[in-house]
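J.: What follows is a single structure, and I will ask about it in a moment.
The values are calculated or read from the model by the stated rules, or taken from the named source; none is laboratory data. Source: prediction; values computed, not measured. Just the protein is used for accessible areas: all its heavy atoms, side chains included, with ligands, DNA and RNA removed. Shrake-Rupley method; radii C 1.70, N 1.55, O 1.52, S 1.80 Å.
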Amino acid sequence: MSGFNFEKMQEIQKELQEKYKDKWNPLSPDRGRDKLLWMIIEAGEIADVIKKKGDKMIMDDIDVRNNFIEEMCDTLMYFNDVMLCYDISPQELEKVYLQKHQANMERW
């Protein structure tokens, strides 16, 4: 089974931040809103692929599918940057995620 999870994603994002530390602003709470806005823009690019190419092409055309997945990855990268800006650990995310899931399971 793959070990690809939020811990690994954050490790990768930290590596990327370190590589470009002389060009990029450091991740901190005051940068969180910028990262969130970039994440939303990337999510819009996912929606754009759906709108312009459609579900069938995402499922059947390897180039369209790869583009779709790449945009999803961009969104996840910014999501992880937001987590890092606000010092949210994967364990903290998991805890709250599972609490939210339980609340949703009991909602109706």
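J.: Quick one: how many lysine pairs in the chain have C-alpha atoms under 24 angstrom apart, if they're 8 or more apart or on different chains?
T.: 14
J.: Related question: Counting only protein heavy atoms and a 1.4 Å probe, tell me what percentage of the chain's accessible area is made up of carbon and sulfur.
T.: Carbon-and-sulfur percentage of accessible area, whole number: 58.
J.: Something else about it: Just by accessible area at a 1.4 angstrom probe, what is the order of Lys21, Lys52, Lys8 from largest to smallest?
T.: Of Lys21, Lys52, Lys8, the descending order of accessible area is Lys52, Lys21, Lys8.
J.: Hey, if we sort Asp81, Asp60, Asp34 by accessible area with the 1.4 Å probe, largest down, what's the order?
T.: Asp60, Asp34, Asp81
J.: Would you kindly give the portion of the calculated P(r) for the stretch 48-90 that falls above 15 Å, as a percent of all Cα pairs?
T.: Beyond 15 Å sits 50 percent of the P(r) for the stretch 48-90.
J.: Quick one: order Met105, Met39, Met72 from most to least accessible surface, probe 1.4 Å.
T.: Accessible-area ranking of Met105, Met39, Met72, largest first: Met105, Met72, Met39.
J.: For the chain, what's the radius of gyration and Dmax over Cα atoms, in angstrom?
T.: When restricted to the Cα atoms of the chain, Rg and Dmax are 16.2, 51 Å.
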